[in-house]
Structure formats: structure tokens, C-alpha cells
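See below for the structure under consideration.
Quick note: the coordinates plus some simple rules give every number you see, no bench work behind them. No experiment lies behind these values; they were computed from the predicted model shown. FYI the Cβ positions are ideal-geometry reconstructions off the backbone, even for glycines, and counts take in every protein chain you see.
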Amino acid sequence: MQTTYRVEGMTCGHCVAAVEEEVGALDGVTAAKADLETGQLVVDSGDEPDRNAVAAAVDEAGYTLAS
């Protein structure tokens, strides 16, 4: 299953890597791919990830999950 989110505050490749690393470490997530230009974050997982867990992981990376 793929779920798409929008992340605010990413400005460079390091930002993208930080978001991908934090979200990719969540239980059930098989891949996380962030796009700097669009601000989109695509999460691959077996089941739909918990939005609060994704938001917390994005926050841990230093950014904000858009509502």
C-alpha cells in the first residue's frame, strides 16, 4: 500500500534523507521516499500507517506533516 503525505520545511537533500530515515524506521513501513521539489512523502507499507506515528517521525526529523 502507498500513502502520500506532504511535508513542510524541507529545503535540501539532507532534509529529505532525514525524513526518509525517520519514517522508514516505523513498524510496517517498507520504504519512504520524499521529494524536495513537491514536498511529497510516499510511504510504502503493508497496511496504512498510523498518521500520528508518521507525523511524530517527521517531527523527529525536524519538519512538519501538513494537515
**Prompt:** Roughly what percent of Cα-Cα pairs across the chain reach past 17 Å?
**Reply:** 25 percent
**Loop sites in the chain: trypsin sites (Lys or Arg not before Pro), DSSP, at most 13 other Cβ within 10 Å** = none
**Request:** State the extension gain, in nm to one decimal, for the chain segment bounded by GLN2 and ALA17, taking 0.36 nm per residue of separation less the distance between their alpha-carbons.
**Result:** 3.5 nm
**Request:** With only Lys, Arg, Asp and Glu charged, each at its Cβ (+1 for the first two, -1 for the last two), find how big the charge dipole of the chain is about the Cα centre; round to the nearest 20 debye.
**Result:** 160 debye
**Item:** In degrees, nearest ten, helix 13-24 long axis to first principal axis of the chain (Cα)
**Value:** 20 degrees
**Message:** Using amide H atoms built in the peptide plane, which far-off residues or other-chain residues are under 5 Å from THR64 H to H?
**Reply:** GLU8
**Message:** Tell me the angle of helix 51-61 to the major Cα principal axis of the chain, expressed in degrees between 0 and 90 and rounded to the nearest ten.
**Reply:** 40 degrees
**Fill in**
Dividing the mean separation of Cα pairs under 8 Å (6+ apart) by the residue count of the range 2-65 yields a relative contact order in percent of 43 percent
**Request:** Mind giving me the nanometre distance, one decimal, between the label points for THR30 and ALA53, set 7 Å out from Cα along Cα→Cβ?
**Result:** 1.6 nm
**Prompt:** Loop-only check: which GluC sites (Glu not before Pro) in the chain are DSSP coil with at most 14 other Cβ within 10 angstrom?
**Reply:** GLU37
